[in-house]
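Undergrad: Take this structure, written in structure tokens, and hold onto it; I'll ask about it next.
No lab work stands behind these numbers, since they all come straight from the coordinates. All values reported here derive from a predicted model rather than from experimental measurement. Cβ atoms come from the backbone with ideal geometry, glycine included; neighbour counts cover every protein chain shown.
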Amino acid sequence: MRRALYASGGIHAAILLWAIFGGPLFQDSEEEFEVTGVTLLTPQEFDALFDTPVPVVAPSPSFETPAAPVPTPEAEAPTPPAIEDAPTPPVAPDATPEPEPEIEPDVSDIAPLPEAEVSDTTPTPPSPPASDQTAPPSDTPAPNEAPRIASIPTPAPAPDVDIAPEVVPAPTPSDAEVPAEVTPPTAPEETTTEIVTEAETPAASLAPVASVRPPTRPTRPTPVAAEAPPAPQDPAEEVDPLADAIAAAVAEAASQPIQAAPSGPPMTSSQRDGLRLAVQNCWNVGSLSSEALRTTVTLAVEMNEDGTPRINSIRMLDSSGGSDTAARQAYEAARRAVLNCGRSGYDLPIESYDHWRIIEMTFNPEEMRLR
Amino acid sequence: MTRFLRLITLALPLVLTSVFAGPVLAQSNPGPLRIEITEGVIEPLPFALPQFIAGNGANDAASDISRVIAADLIGTGLFREIPRSAHISPVTSFDSPVQYNDWQAINAQALITGSVTMEGGQMVVRFRLFDVFSEEPLGSGLQFVGSPENWRRMAHNVADQVYERITGEGGYFDTRVVFVAEEGPKNARLKRIALMDYDGANVQFLTDSRSIVLAPRFSPSGDRILYTSYETGFPRVYVMDLATVQRRPLDDLDGNMSFAPRFSPDGQSVVYSSEAGGNTDIYLMNLRTGQRTRLTDSPSIETAPSFSPDGTQIVFESDRSGTQQIYIMSVNGGEARRISRNDGRYGTPVWSPRGDLIAFTNQQGGRFHIGVMRTDGSEERLLTSSFLDEGPTWAPNGRVIMFTRETAGADGAPAIYSVDISGRNLQRVSTPGMASDPAWSPLLR
């Protein structure tokens, strides 16, 4: 019982001592407060202050503390930049005080704004007032303004536009034609230090770029039956017709020569259609007999590289549907068509000459007969 | 099993060759470029015809012959003459070489050169035909010799040769047409049988105008004509020899009406219509024996018979179905089959000299048409249309049809027209006056 009493008393005593001699819990901090100097102005002084333009250079040195800067005409109405794409002026320095929006400046006496002019240099942002540099320091430092930085970065400004100092008239089409620069003939650069003749040229450089496919290996000469040794053979093999037929077919397929592929790209369908249209425009069947109008003829023609047909190469390959007389009339009409419209050359791609060097044309007048 | 394996062994290379080598071969050997032309143009073929070179005393003839040749070719609608003012190189000699480039430059596809000379009182006409773009002659040169009075026939002969060499069909320029020449008002019309060249030249009248005459028809040889005359008061068929202009009745059946005659292809028989007892049927008469055969026996009206070129069939018109239609029967008569199937009434059928088509007159919707159809009635085409078109007749090449066209009204007058069987090139034939009922002769010889 006594022990508890002691304990309680000790604790209470400790608390009292702690409260008396102070502790961090009960320590009262003394707040600092800002003291700002106030100048009392009379109404006359206030009116006089705003009736006269404030010199740009510096405020009156009588001010002990920097008053809110009176907005100058340049600050309130900056000359708009003449170029829309001019860069946005950077954020004003922290020391620049905010203008008082409540004060409406009297701009009646302000000189009219100059006309927008195109300057050679990008307008610089307005410099901070000189008073910032000349104002005497305050007794208490002015609180720093929070940096006015947007949370979202602005897009990068467009690049400057270079504007020529003088207006250059738009060039006329005739002016746009720049005469080709005439390069004085000069001797080709020397490419070698010694003369190399064809005889000394390596043989490999004279080889053709493309070579034809070599023909298949010639079939081996079959041995003469009389000289062949009489080898004993199975009678069943000798009389097997199926095996003989297959072997013959294989031998025939292998013996077919492989011709060289024509060079150049094949003709497109539009090119073929163009040729067909050109020929049919000259295929006049108006003078053909009724029997010739029932006769289909096929002719072959060899072409020159300029697209003209070789007259003497035209020949009839086939005819059907009429007598020999009708076939001859139909063939002559077809030949006239080929020669007449090909007089100045058909519009054929020269790079595909191998593909149209020989043309077979079938003239079928069935649709014309029904007209 | 062994045999099977061996077959596989042998067949494998073949299969591999077919699979792999085939495309390679096809690709490496594409062959010539092949195109098919199915569309063309239908235009007159341009030709150049420099005036024929004239010998002594043949200047006018050379000019006239050149003009007739050009007119013949142009009149077909298949040819177009290039004006001589466009010619580049003049032809100064019949044997001078052809400057093909000059003729190609003016797009002349055919060139006709020729000469006219007088030799021993005879006129000699020579000509050559060239395929300009093939740069070679079309056939060999020809010459015609005749009396100067026959210069038109020689010109027609040249035109026939040119036409035949280019078209492949026989010409029809050296032909004549027999027709009914008419004059006077419509209610008192005077009619005569007349003969002229196919182009309207050299008109000759074979009968006088005292009686009505109808439907003259040429014999296959062109030396005789058949026609119908009312000189006895009723229609009767007569045969006339053109050389002597002598005529005689076809038969001795007085009192019976006979009309619409035509010669058989061999010229030995005549098929015609005859009325007896109020019924009109078709009869066949052998001109050598005078034997008369009745081919139809129907209470209806059968008339306008026409032989097939081979002489085995006869096409005619009949109203046995209630309206006029076209039928075909054997030359011996018997069962007839109807070939006209479309609307309207069909009459005056005429078999083409080529045997493939039948020309006819069709009436429907208040208008008359000349048309053609195949011998089975298929592929019917109406070529003309007017107030009154009737009576077709074939050119000897079976390509052109002449017919009668009469205008409407009290002042209406008949005239002869020609048309291509394609329906193109409708032209009026030059005649001295009103004309009707043309009949085309065969080629003259």
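Undergrad: Enter the mean number of other protein chain beta carbons within 10 Å of the beta carbon of each residue in A:273-286, as an integer.
TA: Across A:273-286, the average partner-chain Cβ count within 10 Å equals 5.
Undergrad: I want to verify a result. In a Gaussian network model of chain B, Cα cutoff 10 Å, which of these has the top mean-square fluctuation: B:105, B:70, B:155?
TA: Maximum among the listed residues: B:105.
Undergrad: Just want the ordering: B:369, B:87, B:156, from fewest to most Cβ atoms lying within 10 Å of their own Cβ.
TA: Ascending Cβ contact count within 10 Å gives the list B:87, B:369, B:156.
Undergrad: While we're on this one: What is the average number of partner chain Cβ atoms found within 10 Å of a Cβ in A:338-351?
TA: Per residue, the number of nearby Cβ atoms from other chains is 2 on average.
Undergrad: Per residue of the stretch A:322-333, what does 6.51 cos²θ - 1.76 cosθ + 1.60 with θ = phi - 60° give for ³J(HN,Hα)? Whole Hz please, x for Gly and Pro, Karplus curve as stated.
TA: Each residue's phi maps through the Karplus curve to give x, 6, 4, 5, 5, 5, 5, 5, 5, 5, 5, 5 Hz.
Undergrad: Let me ask another. Once you list every other residue whose beta carbon is under 14 Å from the beta carbon of residue B:117, what net charge do they have if Lys and Arg are +1 and Asp and Glu are -1?
TA: -2
Undergrad: Right, next: Any idea how far the Cα center of the stretch B:250-306 sits from the one of the stretch B:70-149, in Å?
TA: With the stretch B:250-306 and the stretch B:70-149 each reduced to a Cα centre, they are spaced 49 Å.
Undergrad: To the nearest whole number, what is the average tally of beta carbon atoms from other chains within 10 Å of the beta carbons of peptide B:155-168?
TA: 3
Undergrad: Contact order normalised by length for the stretch B:45-167, with contacts defined as Cα pairs under 8 Å and 6 or more residues apart; what percent is it?
TA: Taking the mean separation of contacting Cα pairs over the length of the stretch B:45-167, I get 28 percent.
Undergrad: Related question: Quick check: the angle from helix B:151-167's long axis to the longest principal axis of chain B, C-alpha only, nearest 10 degrees?
TA: 40 degrees
Undergrad: Using alpha-carbon pairs under 8 Å, 6+ residues apart, how would you state the relative contact order of the stretch A:275-369 in percent?
TA: 44 percent
Undergrad: Taking 0.36 nm per residue of sequence separation and subtracting the Cα-Cα distance, how much length would be gained by fully extending the chain between residue B:244 and residue B:204, in nm to one decimal?
TA: On the way: separation 40, 0.36 × 40 = 14.40 nm, distance 1.31 nm.
Taking residue B:244 through residue B:204 to full extension adds about 13.1 nm, to one decimal.
Undergrad: For the charge dipole of chain B, defined by +1 on Lys and Arg C-beta atoms and -1 on Asp and Glu C-beta atoms about the Cα centroid, which residue among B:172, B:257, B:116 has the Cα displaced farthest towards the positive pole?
TA: B:257
Undergrad: For chain B, set up a Gaussian network in which alpha carbons nearer than 10 Å are linked by springs, and say which option among B:414, B:396, B:185 fluctuates the most.
TA: With Cα springs under 10 Å in chain B, the top fluctuation among B:414, B:396, B:185 is at B:185.
Undergrad: Let me make sure I get this right: for the stretch B:176-440, a, b and c are the square roots of the gyration tensor eigenvalues over alpha carbons, sorted descending. Under 1.5 in a/c it's rounded, otherwise prolate if a/b > b/c, else oblate. Which is it?
TA: Taking the square roots of the gyration eigenvalues as a ≥ b ≥ c, the stretch B:176-440 is rounded.
Undergrad: List the relative contact order of the stretch B:176-440 as a percent without decimals, with contacts defined as Cα pairs under 8 Å and 6+ residues apart.
TA: 13 percent
Undergrad: How far is helix B:2-16 tilted, in degrees, relative to the longest principal axis of the Cα atoms in chain B, given as a value from 0 to 90 rounded to the nearest 10?
TA: Roughly 80 degrees, rounded to the nearest 10.
Undergrad: Sticking with this one: Measuring from label point to label point, each 7 Å out along Cα→Cβ, what is the residue B:99 to residue B:268 span in nm?
TA: So the two model labels end up 6.0 nm from each other.
Undergrad: For residue B:60 and residue A:351, FRET efficiency with R0 = 45 Å and r from the beta-carbon atoms, rounded to 0.05?
TA: About 0.15, to the nearest 0.05.
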